[in-house]
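Okay, so here's the structure we're looking at.
Just so it is clear, none of the values below were taken in a lab; they were calculated from the coordinates. Treat the numbers as computed from the prediction; the structure is a model and nothing was measured. Cβ atoms come from the backbone with ideal geometry, glycine included; neighbour counts cover every protein chain shown.
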C-alpha cells in the first residue's frame, strides 16, 4: 500500500492570538511543522503543540523562520549567513527542549515563509540553514522545494533532503508555483485539492494551470492549516487518499 | 587547597549593543551565567560566548530571565507559573543547542535579575523555575540566594541547590543585601571587594555594613561583569584569592 | 433623552493575527479604545482602525499598555514610573499621528489590562500615567475604574476623570468586580448583559452577584469586543438601550 | 559667512545598553537624527535625547527605520510599501510626542540604515517613506543621498529634499560611496576627516579614493556618533570648519 506524508504548519498562535486549529489538523496529517518563536509560537503554545502532536502520533519538525513577529516571518530579511545560522540553531534547540519535556523529539527541519522562499535561490542563506541543521544533528532531514538551493546543498552536506509539493497551490508547466498575485494561484475547492494531492501521491504528477501535466518528486505534501477551510480541506484530502488506498504516514 | 567558584553574568550584548568584556572576565571566573535571549543575548552573541567560555575552561550556566529586552529582565513580571516554566525550558534549550554546536554544554541554571529577586520569596514562580529545570535535566543545579524559596524548592524536588554570595554587595547583619537605594550598597573599591570575597571563601563569613560579622554558606561568589571596573575587580579578587592559597574552580 | 457612552477595545490584531471584529463593534459603540502597539496593534492595524472608527463616528481613545506583546499587556510589570510615563507618551504620540493621517484625532486615554488593574491602587504608576497624559494634552480625559487611584490623581491634576462600568462583569456588593477566578464573574448571556447595562444607564445602579443593589456612577460602559459572542452582545445592549429610550453617544 | 549643517545619529541606546555619547556630540553638530524605537531608542532614551538636543539648540529629526532591534535596522527587509508607510508614521508620531513634552519638535526625517540604503534605489519603499512623511506634515524635509530615489520622489511630492555627504566615508570617482567591504572605505584619521568635510563645505567638492575630485551638492554632512573616536572626530571637524570661517548651523 502506498504511503504519503502530509505536513502542516502548526503552533502559530502567539500569546492572546490564536491561529489555526492544530488539534483538528493532527487528525489528518503525519508531520507537524512547529513554529519556534521567531515568526510565531510562544513557549507555551509550542509546548502544547508538541504534546498534542505526540499524542496524535504526528512527527514534529522545527519550522524555523526569520526573527519577525510583526511580519510573521514572511518578509525577506537580508540577514548575514552567520547570524541566520545561529538563529536557526537557537530555534531548533528551544523546540528540542520543549519537545523533550513532552516526551517527544524534533525529527526534521522545515524553513518557514520568507526564509523558505529565499533559500530556493539564495545560496548563502541556504548554506547557512544547512550548516545550522547539520551542526545540531546531521540526522535531521530538511524539507523544501524540489530543485531548491537548500535541498541541493543539504544533500551535498550529507543531510537528507525531503521534497514537498503543495496541496492547494497551482503550478506553472515548468514546475514552479503560480505567483500568489495571479488569479487561480490558490486552490480553494476541497475536491479540487483532493484530486491535486491524489495525482501527486499516486502518479507523481501535477496538472499545471494550463492543463498540461508534469512529473513531480514529492516525499511530502504541504496542507495549509491557517485558513478558515483548512480542516475541511485536510479532511477531504485524507478521505480521498484513503479511498484510493494511499495511507498517510511520515516520510521518516 | 581550598577552592571557590566565581560566577559572572556574560553574553549580555545584543545586536549592535555591547555589554561587558566577557573574554577578559573568563580570565578570572570559573562559571559563566550566559544570557539566553529573553532579557539579553542574541543567538550569535550567545554562541560566541559559549565558544569563548569553553576555550577558557569556564562552566556554562543558563541565565534565564523574564521576556523583557527593554527592561533587561530587571522588572518583576506577574507571569503565570505555567508560562514562566515554559519560557525557562525554551531558554535552556536554545542555550543547550548553541553550547552543543560549540562542543560544550549547559551545566547549571541561574535565574536573572527580576526573576532572581522574585523567587527569593515568590513561591509559585520559584516552583515554576524548579519544575522547568527538573523537566529539562534533573542533574542541572540551580544557583540562587541562600535561604531563598527557589533553593528550598529545588532541594525538595531533588535538584542540587547551589548558594551564592555577592562580591561587591554590602550585607545587613541578618544576611540580607543592603538595598541598592541606600548608600554603600555596592562596593566599588577593588581591595575592599577582594577582602570581602576572601572572608567569604576562607572564613565562610561576611562583615556586615554595621561592622558585625555573620556566617554565610556560599558555594559560589558572584562577580559582576558589566560595570566599567568589572575586569579590574575580578582580577583583584582572583589575585587576592591566589595569595591566600584559594584556587578558583567550578562548584560542579 | 438620556445618553450613555459605550466603549470597546479595538485595534488588537497584530500582523498575521486577527482579534475581534472591530468594524462590527463600531455599529454599536461610541468610543474606541485603540491599542497603541505595546500590548497589541501594529501600525497598519492601528491606522485602519482609526479610519474605520472615524467613518463610523466613533471617538478614538489611546489604549495604552505595558510593553508586553507575549502577555498582551495583561501581566503586571514593575516598571519605574518615569519609564512608564515615557512609554505612555510614546504610545499616545504614535496613535495621534496615525489618527491624524486618517483625518481624525485621539480624544481620550484608557489604560489597558495589567496597567489598568495596577493603577486602581498603585499610586506611583497611576501618577505616571496622569503625568504622561497631562504632558501630552491636558484636555485628554482618562477613562478608569470608579474609585481608582488613577482617577483620583487625574482630577487632582486637573484632568477630566471619566468613570466606567463593565457590561459583562459581575460585581460584589461593595462595588468591586467579582474575580475572574470565581464562577459567574463574566456574564455570557446577551439578555442578562443588556439588563445589566440598562440598569447602569437608566438607574445608575448595579445588581450585585448576591442580588443586592448599589449605586454606581459610570459615564461610560465597557463592552468587550474580543470574545466570540462580542458582536451579538453589543448588538443586544444597543437594542435594549434603544428600546428604553437611551441613546448611545460619546462622553465627550 | 558660510554655514554648513552637521548631522549625527543619536538616541540609539536601548534599555540597559548605551551607545554613543550624544551629549558630547551635541557640542559639535546642528542636527540630531533621533532613533524612534524600531531599530533603537526606547521612549526614555528618546525623551532624554530630545531634551538634551533642545537644550543644545540642535534640530531634531526622526531617524525612522525598519522594525528590527536585533539587526539595528541595518538589514534590508522586504516589507510592503503600505506597511512601511504606516511604520514610518507611527515612529514620527511617537517622536513628535516625546519631543513636544520636552518643549521642542521634530523638524525633519532621515531614514536609517538598511532603509536608508534601500530607498536609494527601491522606488516602492522610497515612495512609501515620502507618502508617510507628507501625510504627517508636508513641511518636514527628508534627508538623503544625492541622486537617490527617495529625494527624487520627495521633490516630486512637493517635499523639501535635503542632500547629505558623509564625513568619514570614502567616495568613488562617480560619487558613490566606497563599499564598506573594501579597504579605505571608512576614514579614521580625524585630520583627514576634517579636510574631507572642509572640502565639501567650502568647495562643494570631494576628493575620491583615486585622488580625482568631483563636485557634490550637500546641504548637510553626516558625522557618525557611535564609534569610539566619534566625539574626537566631530570636535576636529568643528574646529577645522571654525578655522576656515565656516559656521555650523541647521539646514532648516
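The table that follows gives values for the structure above.
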quantity	calculated
C:19, C:177, A:84 arranged by Cβ crowding within 10 Å, fewest neighbours leading	C:177, C:19, A:84
Whole-Å distance, taken between Cα centres, linking the range D:40-65 and the range A:114-157	43 Å
For the range C:159-252: relative contact order, % (alpha-carbon pairs under 8 angstrom, 6 or more apart)	33 percent
Orientation-averaged projected area, Cα convex hull of the range D:187-252 (nm²)	4.7 nm²
Base-10 log of normalised Debye intensity for the range B:56-172 (one unit scatterer per alpha-carbon) at q = 0.18, 0.19 Å⁻¹	-0.90, -1.00
Chain B: most fluctuating residue of B:25, B:200, B:77 per GNM, C-alpha cutoff 10 Å	B:77
Mean shadow area of the range A:103-198, taken as a quarter of the surface of its Cα convex hull (nm²)	7.8 nm²
Cα pair count fraction exceeding 15 Å, expressed as % - the range A:20-96	56 percent
For residues of D:60-72, the mean tally of beta carbons on other chains within 10 Å	4
Kirkwood estimate for the range D:10-51, i.e. one over the average of 1/r between Cα atoms, Å	10.2 Å
Average beta-carbon neighbours from other chains, 10 Å sphere, peptide C:10-17	6
Shortest-first nm distances, residue B:189 label point to equivalent points in other copies (7 Å, Cα→Cβ)	4.7, 7.5, 8.7
Inter-centroid distance (Cα atoms) of the range A:190-252 relative to the range C:227-252, Å	47 Å
Gyration tensor over alpha-carbon atoms, the range B:126-249, equivalent ellipsoid semi-axes in Å	27, 17, 14
Of C:99, C:165, C:70, the one that fluctuates the most in a GNM where chain C has Cα springs shorter than 10 Å	C:70
Average beta carbon contacts from partner chains per residue of B:96-104, 10 Å cutoff	5
Copies compared at residue A:244 - label distances in nm, ascending, label defined 7 Å from Cα in the Cβ direction	6.1, 7.5, 7.7
Gyration tensor verdict on the protein assembly as shown (Cα atoms; rounded if a/c is under 1.5, prolate if a/b is larger than b/c, oblate otherwise)	rounded
Axis-proximal residue, chain D, for the rotation superposing D on B (Cβ, Å)	D:17, 2
Sorted by Cβ neighbour density within 10 Å, fewest at the top, the residues A:50, A:36, C:222	C:222, A:50, A:36
Per-residue Cβ neighbour rank within 10 angstrom, fewest leading, D:143, C:159	C:159, D:143
Fluctuation leader among D:41, D:225, D:103 - chain D, Gaussian network, Cα springs under 10 angstrom	D:103
Normalised contact order of the range C:3-248, rounded percent, pairs of Cα under 8 Å and 6 or more residues apart	20 percent
Overall Cα dimensions of the range A:3-248, principal axis frame, Å, largest first	43, 37, 33
Copy-to-copy label separations for residue D:212, where each label sits 7 Å from Cα toward Cβ, in nm and ascending	4.9, 8.2, 9.1
